[in-house]
Amino acid sequence: MSEKTPSIEALEKKIRELEEENEILSDFAGLSSEWFWEQDASFRFVRFWGMLTEKLQRKQSLFIGKRRWEMPIQGLTDEEIQAHIDCYEQHLPFRDFEYEVPGNDGAIQHYSVSGKPAYDREGNFTGYRGVGRNLTLLHNAQKAVRASQQQLSQILQGSPIATFVIDKEHKVTHWNKACEALTGVPANEAIGRDDSWRGFYAESRPTMADLVVDNAPVAKIREYYDYHFAVSSLISGACEAEDLFPNIGPSGHWLHFNASPLLDTEGNTVGAIETLQDITDRVKAQQAEKDHHLKLKRAHEELQSTLQQLVEAKKLAGLGRLVSGVAHELNSPLGNILLGLTTAQNNLEEIQQSFECKNLSQSQLSQYLETAAESIVLMDHNLNRSINLINRFKELSSDTKTKITSNFSLQEVALGVFGAYQHRCAERQIDLVTAVPSNLMICSNEEALEQILVSLLENSLNHAQLGEGSRIELTVTNVKSGIEIGFSDNGKGMNEKAKEHAFDPFFSSKMGHGTSGLGLYRVYNLVSVVLGGSINLYNNEPGLLVKITLPDLSSV
């Protein structure tokens, strides 16, 4: 064997190396996003490799044995197809030839192919070899981007809010119709320029969008807007403000405007968008409201002064009723006590004179003792009346001191008070009705609430002229701020004048007839001062409804 002739072992080794290299190349081809194709000297496809069938989105058998232009290609003019054929016939290489074909599912596929002519060792043309890529996803993405850009542009143009956009070079890229209408500057005179301030100011200065593009610090923004701006709490790097633009329109416009940065995928600022809303009408309305408020405030102050004078007059009237009522109420029992004392004194002088003259008879002594006992009973009764009346006055001064709170069942309190009056009402055939939820607990002043219910019951029994078939009802309901108590009877009710003075101290429809006129006044003090609630009177047709709203202190 000649030394130049490779041995069998060397040839086998070379074959193994070529097979390994071919396997490596096949692996790389299989992992490639492109596929490989080969055509014969008649430009007919003979094979495809290096990719999965789904990359073509068509069956390979549809290509084999056919020329590219014999396939149902789309998206090209006749001239473009002919130029491609001419390239083939001249055996010229080509790159990135794009065309469309329907896929297996009928959806259009976008292909890009590159090829070069192939020759044998003798230089004879044997066909073409090349690569191809499916650009469908890229085309669809580009189409979606264009559609999105067009839609955003339409949204921007159709927005009734004046809007403009600048890029990182401060050049205007968008200037919508609302911005044209607001500033009077046409879009074709604004787009492409870096002086967006012309639409808003009389001289050169940065707009808020300019400051946002420059990522200006707060101190820099304050130089132009003082403290009439705010950093957005929603969008990082955005700002908003309200200001008067005297150069817009004949008399200026108040605008609310905000600017937000436009960022690329890496978070870099590539522009800014600014929107401007005309708030002139709102500012004028606020100013008018402020002026109106000042007028109302002055009128209120004048009214308060007048009311204070009325209150003072009312206090004098109440004091007059107090003096008259107290004088009358105390005059009667004190007069009776004085009468009893005078009678007892006269009788004592008579019995003492008879005793000294030693002519005191048994019948005379017996009559004296009987008269003395009657006088003592009379004086004791009237003395107790005076003491009770004075205690009622003292209770008024102690109401504001009774502020001890506790948790208790409102139903138990109501049943306890109504139970104490059950016998008295039964004698007059008056029905007592309570509608209080059994599970209703409240944190408040239990003693004050008992006194309120007692006073209301006494008021109905003494003034409502209740008789057979009458009814007194207590209802309690939960409301948002606490509880609402409704106390009603179906008696004679109150006229408007009586309701107007019902909570005045010492006012009573029966002044001088055993009442002091302090009952409802004390109820008012307990409700408003001690319990921190409110009380109102309403005609119940027939009768009267007392509505009391009390806070639940457990939620405070």
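Laboratory data are not the source of any read-out in this text; all were calculated from the coordinates shown. From a predicted model like this one, the values you see are computed outputs, not experimental measurements. Every residue, glycine among them, receives a Cβ derived from its backbone with ideal geometry; neighbour counts consider all protein chains shown.
Other residues lying with their Cβ under 15 Å from the Cβ of residue 342 contribute a combined charge of -3, Lys and Arg counting +1, Asp and Glu -1. Pairs of Cα atoms in region 70-120 fall into 10 Å distance bins, from 0 up to the last occupied one, in shares of 22, 50, 23, 5 percent. Gain on full extension, evaluated as 0.36 nm per residue between residue 302 and residue 232 minus their Cα-Cα distance, stands at 20.8 nm. Sorted from longest to shortest, the spans of the Cα atoms of region 149-205 along the three principal axes equal 34, 24, 16 Å. Here residue 244 and residue 140 are evaluated by their C-beta separation; at R0 = 41 Å the FRET efficiency comes out at 0.25. Rounded to whole numbers, the Karplus 3J(HN,Hα) couplings from phi for region 453-458 are 4, 4, 5, 5, 4, 4 Hz, using 6.51 cos²θ - 1.76 cosθ + 1.60 with θ = phi - 60°, and x at Gly and Pro. If R0 is taken as 45 Å, the Cβ-Cβ distance between residue 415 and residue 181 corresponds to a FRET efficiency of 0.05.
Across the cross-link table entries 66/116; 480/547; 220/290, which are compared at the Cα atoms, the separations over 26 Å belong to 220/290.
Converting phi to 3J(HN,Hα) with the Karplus coefficients 6.51, -1.76 and 1.60 and the offset θ = phi - 60°, region 193-207 yields 9, 10, 10, 4, 4, 4, x, 10, 10, 7, 9, 5, 5, x, 7 Hz in sequence order, with x at every glycine or proline. Between residue 116 and residue 205, the contour length at 0.36 nm per residue exceeds the Cα-Cα span by 26.1 nm. Residue separation of residue 79 and residue 94 scaled by 0.36 nm, minus their Cα-Cα distance, works out to 3.8 nm of gained length. Couplings for region 362-369, taken from phi via the Karplus curve 6.51 cos²θ - 1.76 cosθ + 1.60 with θ = phi - 60°, read 5, 5, 5, 5, 5, 5, 5, 5 Hz in order; Gly and Pro are left as x. Averaging 1/r over every pair of different alpha carbons in region 85-211 and inverting the result gives a Kirkwood radius of 19.4 Å. When the alpha carbon gyration tensor of region 178-257 is reduced to an equivalent ellipsoid, its three semi-axes come out at 22, 15, 12 angstrom, largest first.
The H on the amide N of residue 126, modeled in the peptide plane, is under 5 Å from the matching H of 118, 119, 120, each at least 5 residues off or on a different chain. In region 98-144, Rg over Rh equals 1.22, where Rg is the alpha-carbon radius of gyration and Rh the Kirkwood radius from pairwise Cα distances. Backbone amide hydrogens, once placed in the peptide plane, bring residue 164 within less than 5 Å of 274, excluding anything fewer than 5 places away on its chain.
Peptides 268-278, 532-542, 290-300 ordered by packing proxy, namely the average of other Cβ atoms within 10 Å per residue, highest first: 268-278, 532-542, 290-300.
Using the Kirkwood radius built from alpha carbon pairs, what does the Stokes-Einstein equation give as D for region 400-477 at 37 °C and 0.692 mPa s, in µm² per second? Translational D for this selection: 245 µm²/s.
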